[in-house]
1. For B:Gly387, are the conditions met, namely being touching a Pro at 6+ places or on another chain (Cβ under 9 Å) and within 14 Å of another protein chain (Cβ to nearest Cβ)?
2. Test each condition in (1) under 25 Å from A:Ile437 (Cβ atoms); (2) at pLDDT 95 or above; (3) polar (S, T, N, Q) for A:Gln306 and report the one that comes out false.
3. Condition first: crowded, with 22+ Cβ neighbours inside 10 Å and either in a helix (DSSP H, G or I) or of a type outside the set (A, V, I, L, M) (or both). Now tell me which residues in the stretch B:98-112 satisfy that.
4. Could you give me the residue pairs with C-beta distances under 7 Å whose first residue belongs to the stretch A:281-295 and is over 25 Å from A:Thr250 (Cα atoms), whose second residue is outside any loop (DSSP other than H, G, I, E, B) wherever it lies, and which are 6+ apart or on separate chains?
5. Answer with yes or no whether B:Gly205 is out of contact with any Ser or Thr (no Cβ under 6 Å at 6 or more places or on another chain) and either more than 12 Å from chain A (Cβ to nearest Cβ) or at pLDDT below 95 (or both).
6. For a quick check of your reading of the model, give me the residue pairs whose first member lies in the stretch B:368-380 and is among the small types (Gly, Ala, Ser), whose second is assigned to a helix (DSSP H, G or I) and surrounded by 14 or more Cβ atoms within 10 Å (Cβ to Cβ), with beta-carbon atoms closer than 8 Å and at least 6 apart or on different chains.
7. Restricting attention to the stretch B:210-219, which residues are without any contact (Cβ under 8 Å) to a residue 60 or more places away in the chain and more than 7 Å from chain A (Cβ to nearest Cβ)?
8. For the stretch A:304-339, give me each residue that is of a type outside the set (D, E, K, R) and under 26 Å from the mean Cα position of the chain (by Cα).
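The values are calculated or read from the model by the stated rules, or taken from the named source; none is laboratory data. It should be emphasised that the depicted structure is a prediction, and the values quoted were computed from it without experimental measurement. Quick reminder, even Gly has a Cβ in these numbers, built from the backbone with ideal geometry, and neighbours come from all protein chains shown. Quick note on the areas: whole protein, heavy atoms, side chains included, nothing else; ligands and nucleic acids left out. Shrake-Rupley method; radii C 1.70, N 1.55, O 1.52, S 1.80 Å.
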Protein chains: 2
Amino acid sequence: MTNQAGGQLAESPALDPRRLAAARERLARELGADAILETGSGLHEFHDPFEGPGATSHQPGFAVQPASVEQVQATLRIAAEAGVHVWTSSMGRNFGYGGAAPAVNGGVVLNLRRMNRILDIDADNGCALIEPGVTFFQLYEALRAQDAPLMMSVPDLGWGSMIGNALEHGYGYNVLGDHGSSLCGLEVVMADGTLIRTGQGAIAGSELWTRHKRGFGPALDDLFKQSNFGVVTKAGYWLMPRPEEFATGTIRCEGEADIVPLVAMLRRLMLDGVLQGIPMIVGTPPEREGEDADAAGGFSMANLRQVLRPGRWNARIGLYGPAAMVAARRAILTAAVAEIPGAELELRTYPGDVAPEAVEPRDFISAGIPNMLLQDRLKGVFGPGLGHMDFSPVLPFTGEAALRAEALVREVLGKHGLIGPFGLLLTGRSMVSASMILFDATDSARVAAARAAVRELYDRAAEWGCTGYRAHVSLVDHVAGKLDFNDHALHKVYARIKDALDPAGILSPGNHGIWPGRAA
Amino acid sequence: MTNQAGGQLAESPALDPRRLAAARERLARELGADAILETGSGLHEFHDPFEGPGATSHQPGFAVQPASVEQVQATLRIAAEAGVHVWTSSMGRNFGYGGAAPAVNGGVVLNLRRMNRILDIDADNGCALIEPGVTFFQLYEALRAQDAPLMMSVPDLGWGSMIGNALEHGYGYNVLGDHGSSLCGLEVVMADGTLIRTGQGAIAGSELWTRHKRGFGPALDDLFKQSNFGVVTKAGYWLMPRPEEFATGTIRCEGEADIVPLVAMLRRLMLDGVLQGIPMIVGTPPEREGEDADAAGGFSMANLRQVLRPGRWNARIGLYGPAAMVAARRAILTAAVAEIPGAELELRTYPGDVAPEAVEPRDFISAGIPNMLLQDRLKGVFGPGLGHMDFSPVLPFTGEAALRAEALVREVLGKHGLIGPFGLLLTGRSMVSASMILFDATDSARVAAARAAVRELYDRAAEWGCTGYRAHVSLVDHVAGKLDFNDHALHKVYARIKDALDPAGILSPGNHGIWPGRAA
């Protein structure tokens, strides 16, 4: 097994196939045969979608899809009795991080796609109560159907679970783009089947569950994000009121060093409350002679450039609110951009209730319209076998840090014959670097190269005191191992909590480097 | 002992005085005699300041004031070896909730006032790194001394610990008025002495500790708020950049029913991002014939009216930012207020870098200037023996809920011959009702009446599915008992975590109704 403190990859313990068979049989009996997905009947969706042919690690045993809280409770009871572990996923669309694939072979994927009810939409208070199977697409359609005056924040791809994304600390780009903070009040099935509600939900019959974040005593919500301490079955989710108007577009700079004043300006405007949400910067490196000499199968910089935005640096920003406030924001932004020689600001303005057909596709994200454009464009260039794996360290909010990170990504990817776009999510007092490492997922050697490259990138980022805000399932122990303050003391606390809440160790062992049976 | 699920008050278990003496002796030896405060030498500050004469519950054994993390670790080690428990407080100025008094008699008050270093002020990123003994006053003076372009959010009284207030989910009123959310990155001594850092601080040498709220894996910060799972010894604290300008003042309404459109308007403007921070509404009930018939010792409505703001309802609001945005906010607010017949808006505008001498005292809170005006005014009217106890349930964000809560407070206080101001903190998608129950703290019978009244108020609020966001130390079990979803399931999880992190039960037993040795 793994040594989490040392950041070693987990070896997969052999799981007795008879236990797995017994669990499958009992689950089929109690939940119905259609709740079970096996090899040859749908299980492929719960592998790492980019694991490549012949993969031997992160292999699910089978998947089970409960349709209710009671069926989740039954699943955990049966798993405990059969001595198998489950690996929870909501939609399992976090493809850059391994999708629904478990850390350990033989894990029963507990997938919550069938629990997809929208239980409440509260336009007056700007919140909804949803189940983990609700996707960004689905809530958007529901809001449209009732013309609810609310606007969503969406990530690059709209097919994922809203709860799943938020529980992974995921980001969108709108005013409430920090999705982890958009959750308000969770319902959680604990490992022993006990159902709890956090925050105001701990009061039976509270109408404040989805509206006030804390209760009396410690708020446990964050404990169930990026962890394996329970199975979230419902959550409140905050939405912003549909603004009177919004303006979105880009700031484009051509000079390499322009990133320094650009980031400084954006940081200032974000802290001052002029810029809202999570601006995103994409960097397009200048062409280098021979840069595509080793490119294979179309994975060339020349092809990548087709999907990058124009300019050396291109920042996407959005302004939201009453028209008078959007105008004030725009005037301040315009003046600030003018201070950066050569920087160009381009903005398009929409009424808040604009029909999606009237929004330019490049503005879908800023408009809170879920879509699949990024994937469509990448697959259009690189073909259906495209795989990606994401490198996403948290960085200081400076242009210098951006240049350093971009140079590192280019160096390490170059060494491994890989390419990928480089981006930055501006998260207020920090940045999250977002690099998609692109590769041919039909070729196991390229999959291995990508994993090795991302692993190396995390080793190098650690030299700056930085590590990932998320990581691919194959690298979670590696990244967790970077939390080295006081001999990895934080993970010792995680281990104590894990063993207290899940003494049998049945819930997602290895998730984010948290393993059962490790308490001192 | 208490039955937490049933909401019973804790009886105080007898603590062997020999253990207490042994602990005191060892602590004096290791930390120095000046680290110990005993009866007759400073311990009175660590009683409930309003407990009244002859109090027998919530009695501290002695207080210890470590000066460093190492001394905190030594204190916990000695406490565990001596078999005594400690009750942690930062400054202990939360007087309306019992100050530094422990839930259980004989608790060693672990007071952190001597750990009062400001370790970093980062104006570029809008954050500071501080110790628990740093007060609002102290940080304000430090910001002034270096002319740091940052603005604080302060609560009504500025003498408290910034970390202590935030750990109690405390509120101020400025843009970052949700103090619990202003913390970013904690350093915590666990019960066994292990030192951890949360978030990015878990990476040795990270410069992002105070700037990015999460790390890799679950964020534990909230676990150490309103709990007894560890002793926080440092924290990052977010501050807002000093705005170019701010405008503050009041909206005044004279009609009882005006609260309904007033609250609806404020909710809309807050959700739309026009109004910032935490507006506060004070209600002044109309005079009633004979309302002061039973008033004793000056605790009359007539006297109370001297310190209330004019108008039946009086909302304090603030607008912050670049001048152009403040102007836009003001125009929208002005138009919205005009929609409420008879409502009057009064605003005063200041440059962001205004000297405190140029700010009207009534605007100190909105200007982020720590002060003691509220206490001074109340004591000026009610005398030095004034005590108060706070009733502060979380409510739905509607005028109807405000009217219901105000009527309840008046009914119950009237029954007990008590008075107090009624306020509402508007927290975004909810409100926190803030009632100070005023009484003569030199009279044990009045102390008992206040406790009985607040207890009854929580019973009645529970009928609405509402409970306190904080509570007096004598009522923590009572309020915790209101968390009744699924047979108090949340507290069963608290108990498991408590026993896992503090198996000997030495840290603040009973804090927020969390007791050691209760895990199933």
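1. The answer is no for B:Gly387.
2. (2)
3. Residues satisfying the conditions are B:Gly98, B:Gly99, B:Pro102, B:Gly107, B:Asn111.
4. Going by the 7 Å Cβ cut-off, the qualifying pairs are A:Glu291/A:Met301; A:Asp292/A:Met301; A:Asp292/A:Ala302.
5. yes
6. Partner pairs satisfying both residue conditions: B:Gly368/B:Tyr140.
7. Initial filter on the stretch B:210-219 (without any contact (Cβ under 8 Å) to a residue 60 or more places away in the chain): B:212-219.
Once the filter is applied, which keeps residues that are without any contact (Cβ under 8 Å) to a residue 60 or more places away in the chain and more than 7 Å from chain A (Cβ to nearest Cβ), the stretch B:210-219 yields only B:Lys213.
8. If we filter the stretch A:304-339 for residues that are of a type outside the set (D, E, K, R), which is where we start, we get A:304, A:306-308, A:310-311, A:313-315, A:317-328, A:331-338.
Across the stretch A:304-339, the qualifying residues are A:Leu304, A:Gln306, A:Val307, A:Leu308, A:Pro310, A:Trp313, A:Asn314, A:Ala315, A:Ile317, A:Gly318, A:Leu319, A:Tyr320.
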